[in-house]
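Note sheet for the following structure.
The values are calculated or read from the model by the stated rules, or taken from the named source; none is laboratory data. Since the model is a prediction, treat every value here as computed from it, not as a measurement. Cβ atoms come from the backbone with ideal geometry, glycine included; neighbour counts cover every protein chain shown. Surface areas here come from the heavy atoms of the whole protein model, side chains and all, with no ligands, DNA or RNA. Shrake-Rupley method; radii C 1.70, N 1.55, O 1.52, S 1.80 Å.
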Amino acid sequence: MKRISIGKIILLIAMTTLLIGLVGCSDVSKDGKKAFKAVEKYQKEHYPVSNKELEIVYPKLKDMSPFVEGRSTAGNDTWQINGVYTFNPEKVEDLGHEDPHPRISYEAHIELIDGEYIVTGYTESLPIRGDLDD
């Protein structure tokens with residue numbers, strides 16, 4: 001029976017861990033990443049005041065759950081992206097939450113139309129923004 005040195009075992013474990021890490025980071029397709037960027041752009045453009053006033057922190061791509069990919073009735077590629085963001089509860093009146101780190105979930109629908117990623121639907125679980133962005 002041939003013996004394997006400890007150094008080779010450690011090297012093998014390190015390389016395996018690195019490869020698993022690389023594969024785990026690339027679980028979102030290139031188009032999925034572009035769809036996520038479209039949601040980020042939508043959130044920045046539609047909610048500039050409330051994002052700042054309520055100290056909203058959106059999740060990063062690496063923190064997201066898998067996207068649902070599909071096809072619209074027009075034959076365009078689509079994505080459904082669900083996420084959760086945090087905010088400063090002291091900035092929201094009559095919140096009714098005791099949680100010091102409340103979270104709001106959102107759902108975005110993105111469609112690839114003529115080469116452009118368009119957010120066709122966006123909803124949030126709790127309306128905390130009020131009329132800040134009107």
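Compare E93, E116, E53 in a GNM of the chain, Cα atoms joined below 10 Å, and give the one with the largest fluctuation.
The residue that fluctuates most here is E93.
Could you grab the relative contact order for the chain? Cα pairs under 8 Å, six or more apart, rounded to a whole percent.
21 percent
In the neighborhood of I113, defined by Cβ-to-Cβ distances under 14 Å, what is the net charge if each Lys or Arg adds +1 and each Asp or Glu adds -1? Each step should come with its number before you reach the end.
On the way: positive: K34, R71; negative: D31, D77, E111, D114, E116.
With Lys, Arg at +1 and Asp, Glu at -1, the neighbours total -3.
Where Lys and Arg each count +1 and Asp and Glu each count -1, what net charge lies around N76 among other residues with Cβ under 15 Å from its Cβ?
Summing Lys and Arg as +1 and Asp and Glu as -1 gives -4.
Let me know the charge dipole size of the chain about its Cα centre in debye, to the nearest 20, where only the beta-carbon of Lys, Arg (+1) and Asp, Glu (-1) is charged.
Once rounded to the nearest 20, the dipole reads 1440 debye.
When the chain is fully extended, how far beyond the present Cα-Cα distance does D77 get from K41, taking 0.36 nm per residue of separation?
Roughly 11.1 nm would be gained on extension.
Among rounded, prolate and oblate, which fits the chain when a ≥ b ≥ c are the square roots of the eigenvalues of its C-alpha gyration tensor, a/c under 1.5 means rounded, and a/b larger than b/c means prolate?
oblate
Taking springs between alpha-carbon atoms closer than 10 angstrom, which of L112, L12, L54 fluctuates most in the Gaussian network model of the chain?
Result: L12 has the largest fluctuation of those listed.
Please give the helix 30-46 orientation as an angle from the longest Cα principal axis of the chain, in degrees from 0 to 90, rounded to the nearest 10.
30 degrees
Please sort 39-52, 118-131 by packing, taking for each peptide the average over its residues of neighbouring beta carbons within 10 angstrom, highest first. Numbers along the way, then the final one.
Values: 39-52: 14.9, 118-131: 13.4.
Listed from highest to lowest mean packing, they are 39-52, 118-131.
Using +1 at the C-beta of Lys and Arg and -1 at the C-beta of Asp and Glu, which of Q80, I104, P127 has the Cα lying farthest in the positive direction of the dipole of the chain?
Going by the Cα projections, it comes out as Q80.
Keeping to pairs on different chains or 8 or more places apart, tell me how many lysine pairs in the chain have Cα atoms under 22 Å apart.
Value for the chain: 23.
With every protein chain kept in place and ligands, DNA and RNA left out, what is the accessible area per residue of the chain? Probe 1.4 Å, answer in Å².
Averaged over the residues of the chain, the accessible area is 73 Å².
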